[in-house]
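K.L.:
Below is a structure I'd like to ask you about.
What follows is calculated from the coordinates using simple rules that are stated; it is not laboratory data. Keep in mind that this is a model prediction, so the values were computed, not measured. Note: ideal-geometry Cβ built from the backbone for every residue, glycine included; neighbour counts use all protein chains shown.
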Amino acid sequence: MRIAQKPTYSFLALLLVLIILNTLIARFIVIPSPFGGPSVASHFYIAIAFMILFTIWFGAYGAIAAYIGCFIGAGVLSGIPPEVSLYWSFADLWQVLIPLVAIRMFRLDLTLDNRRDFIYFVIFGILINNFIGALWGTGTLAISNVIQWTEIMPAFIIWFGGNVIITLLIVPLALRHGTPVIRKSKLFVRNYWD
């Protein structure tokens, strides 16, 4: 029995829309940190919550859009040199791929209806992913001389702390209430590509 394949043009259109949304959110919807710190990490990066959601719901298309949206919106349009943004933007890619792989690997219910699924999501979708993203991001910025080596720890703390707060406040609620609606869409991706 042959399974009907979803139309490719729909996913290309979805990818384009997600790239535009991620770029705009990454560039224009940031909340300055009341604690100060290095300018590259002195905000709550609201885009990461939406990038995680888009990747969980739309698989690898969401992950690609997260990388490109970060590269353009948080990177190039925010003054990070393009050659630095190419590898710096992997921070957002790690932050969305880790929860995607964990959710698929542990077969979590996206509505996080039970304690097991919620705990696994907190571990992989809020803590580990944001830790690795903040470590990668601040490290690559220091290696590239965008920030001073002495700014790594304050930048890391602000990046990690802000992303944990944002993802904890937005993602579980959106998954619980948005997943049942998104699942009905032909664009919902159950694995990585389909």
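Okay, residues lined up against (1) surrounded by fewer than 20 Cβ atoms within 10 Å (Cβ to Cβ); (2) in contact (Cβ under 8 Å) with a residue 40 or more places away in the chain:
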residue	(1), (2)
Leu127	yes, no
Ala134	no, yes
Ala142	yes, no
Pro154	yes, yes
Trp159	no, yes
Ala174	yes, yes
His177	yes, no
Phe188	yes, yes
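K.L.:
Could you run through the stretch 68-89 and say how many residues are within 13 Å of the chain's Cα centre (by Cα) and surrounded by fewer than 23 Cβ atoms within 10 Å (Cβ to Cβ)?
P.N.:
Final tally of qualifying residues: 1.
K.L.:
Quick check on my filter: what residues within the stretch 102-118 are of a type outside the set (Lys, Arg) and more than 24 Å from Phe156 (Cα to Cα)?
P.N.:
Taking the stretch 102-118 and keeping what is of a type outside the set (Lys, Arg), we get 102-103, 105-106, 108-114, 117-118.
Hits for the stretch 102-118 are Ile103, Met105, Phe106, Leu108, Asp109, Leu110, Thr111, Leu112, Asp113, Asn114, Asp117, Phe118.
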